[in-house]
1. Counting only residues that are aromatic (F, W, Y) and in contact (Cβ under 8 Å) with a residue 40 or more places away in the chain, which one in the range 144-196 is nearest to V236 (Cα to Cα)?
2. Pull up the range 292-343, narrow it to residues that are assigned to a loop (DSSP other than H, G, I, E, B) and among the aromatic types (F, W, Y), then point me to the one that is nearest to the chain's Cα centre (by Cα).
3. Considering only residues that are free of Cβ contacts under 8 Å to residues at least 24 places away in the same chain and over 24 Å from L453 (Cα atoms), which ones fall in the range 391-432?
4. Out of (1) in a loop (DSSP other than H, G, I, E, B); (2) hydroxyl-bearing (S, T, Y); (3) modelled with pLDDT of 95 or more, what's the single condition that is false for Y164?
5. For the range 105-128, check the following and say yes or no: at least one residue is under 23 Å from the mean Cα position of the chain (by Cα), surrounded by 19 or more Cβ atoms within 10 Å (Cβ to Cβ) and of a type outside the set (K, R).
6. Mind checking which residues of the range 123-140 are assigned to a helix (DSSP H, G or I) and either at pLDDT 95 or above or touching a helix residue (DSSP H, G or I) at 6+ places or on another chain (Cβ under 7 Å) (or both)?
7. Can you tell which of R327, R370, R357 is on the phi < 0 side of the Ramachandran plot, among the charged types (D, E, K, R) and touching a Leu at 6+ places or on another chain (Cβ under 9 Å)?
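The values are calculated or read from the model by the stated rules, or taken from the named source; none is laboratory data. Computed from a prediction, not measured in an experiment: that's the story for all the values here. Heads up, the Cβs are rebuilt from the backbone with ideal geometry, glycines too, and the neighbour counts pull from every protein chain shown.
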Amino acid sequence: MLTFKESILLMTRVNCRLKVRQEDEVLFYQAEKNNLDVEECKGILCLQPINSDKVEAGSVDDLWKEIYEECFLVSRYKDVLLNWDRFNFLIENILEKAEICNKKLEAVALMEQMLLRSEEYLWIEEAGCPVLLYKSDDVCHNVLNIFAEQLGAAFERAGQEVEYFDTETEEINDLNKFRGRHFRAVIGMQTYLFGVRMMDGSYLHDYIIGPKFNFIFDHPVWMRHHLTNVPKNFYVITHDINYVQFTQHYYHHKTYLLPPAGQIVTLEDLREIYDISFIGTYGDYWNQALLIHEMPREIRFIANHFLLELRKNTNYTAEEALAEVYRKKGYQPTDEEFLEMLWELYRPYFCAVYYYRHCVIKSLLDAGLRVDVFGETWQTSPLSVYPNLVCHPNVRYEEAVRIWQQSKMSLNIMSWHKGGFTERMANIMLCKTVLVTDDTSYLHGRYASDEDLIVFRLDELKTLPQKLKMYLENEEKRHGIAERGWRKACCNETWEVRERILEEVLL
């Protein structure tokens, strides 16, 4: 049978910035949280009487490590120690050890700093604080909230305490309850909350202690409000290596590559009723093209050439296409001019995105392949005239998982994320379905086409239908790809994996 101490250590988080008094800190934390008395926490080593012979036999360095961490514990759990009538006892223990290693003055100075919550104290405390996760309105079929919940669940399974703030059920002013509190991290999913200001113009999050991370899932140029109105200690997480470089260069924020993950699901023995499925909207590229002509003349000229570059070079990022336009024009813009112009090119950018989405689906329909699409926009699209395009209503995340499991293969068509990876890709593979996706540099070196998934190029669509026909007719090969993709995704694309990477960042 486990002792009380052993059971506590199994059920709670640990402060990874403590080394020799980590277990003591866990017991103090549980005592504070559950109002335990001193008799229930007999295993706290730093509250044991000092064995002078044993202490003197230890090295000075080891002794100072104990003193250092116990000074932190005196400050962090001062109220618990006072309630137990052990505050003075622990201080006397610390000073006795300090005398043995001739560092009493240093110990007194350190203790004073810790009691005043110095930067050193806050750095140690942070590793034992909760994570605060932001949830928002039900947008994008609630997928951003699902990301927050799944990441939060992964943190909790790792022993990390998690708190949530939900803008759908709480008022913005309620954020004030976090002022002065310390969090291991404050994490949002493409949230605007980091830009909230106080009446005096200062950022509210400058009064919430701890690093702030905002996941960004669109091109950062469209997220400029989220990236320019930010507090101190702010970082960006994104799913595309090109967006990492773009954000660091133009917005000057430390940025991490960490794509959204998929969810390991119970694989049901479902009949494969869809040959090829696609869950996503149809965008009217022609309407976007017409709107380009309404742009101011000086922008329209750049927009037309920008769109031409994207169509000619489907491996270009948006910024590479604009840079090529300027190169041919013989003009070198400043970073500010470049950023402003790229922001203006919203319509030609999405014109290219929607055009190639149209072309991918059309190439399959022209070859006689049946494609099941999910989303109201397909019913009024030009492709709705094809009898082999089967239109279904919009679906939410939970329904999408079942559809992927019922599909022989499922399409992913990137919104021009040339170095990215999305939750759709992860979830398709985790449903043990063949992922069919346009190329992205994230896959290079991680996954092999025709082994773990099927990759196609937007400028080589002529060969795609025949390849998919071949795999639809060859069940053994198709299931082999699905199996290998599933195994790799289980190892690399889950929220548990993302949580472990975030843990390394937070260290």
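1. F194
2. Going through the range 292-343, the residues assigned to a loop (DSSP other than H, G, I, E, B) turn out to be 293-296, 313-317, 330-334.
From the residues that got through so far, the ones that are among the aromatic types (F, W, Y) too are 316, 331.
Details: Y316: 25, Y331: 37 Å.
Filtering the range 292-343 for residues that are assigned to a loop (DSSP other than H, G, I, E, B) and among the aromatic types (F, W, Y), the one nearest to the chain's Cα centre (by Cα) comes out as Y316.
3. C391, H392, P393
4. (1)
5. Taking the range 105-128 as the starting set, the residues that turn out to be under 23 Å from the mean Cα position of the chain (by Cα) are 123, 126-128.
Next cut, surrounded by 19 or more Cβ atoms within 10 Å (Cβ to Cβ) only: 128.
With of a type outside the set (K, R) added as a condition, the list becomes 128.
Yes, the range 105-128 contains a residue that is under 23 Å from the mean Cα position of the chain (by Cα), surrounded by 19 or more Cβ atoms within 10 Å (Cβ to Cβ) and of a type outside the set (K, R).
6. Within the range 123-140, the subset assigned to a helix (DSSP H, G or I) is 123-126, 140.
I124, E125 - these are the residues of the range 123-140 that are assigned to a helix (DSSP H, G or I) and either at pLDDT 95 or above or touching a helix residue (DSSP H, G or I) at 6+ places or on another chain (Cβ under 7 Å) (or both).
7. Working: R327 fails: touching a Leu at 6+ places or on another chain (Cβ under 9 Å); R357 fails: touching a Leu at 6+ places or on another chain (Cβ under 9 Å).
Of the residues listed, the single one that is on the phi < 0 side of the Ramachandran plot, among the charged types (D, E, K, R) and touching a Leu at 6+ places or on another chain (Cβ under 9 Å) is R370.
Here is a yes/no grid of residues against (1) of a type in the set (A, V, I, L, M); (2) loosely packed, with under 15 Cβ neighbours inside 10 Å; (3) more than 22 Å from the chain's Cα centre (by Cα); (4) not assigned by TED's automatic domain parsing to the domain that holds E336:
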| position | (1), (2), (3), (4) |
| --- | --- |
| D174 | no, yes, yes, yes |
| G188 | no, no, no, yes |
| L193 | yes, no, no, yes |
| R197 | no, yes, yes, yes |
| G210 | no, no, no, yes |
| K232 | no, yes, no, yes |
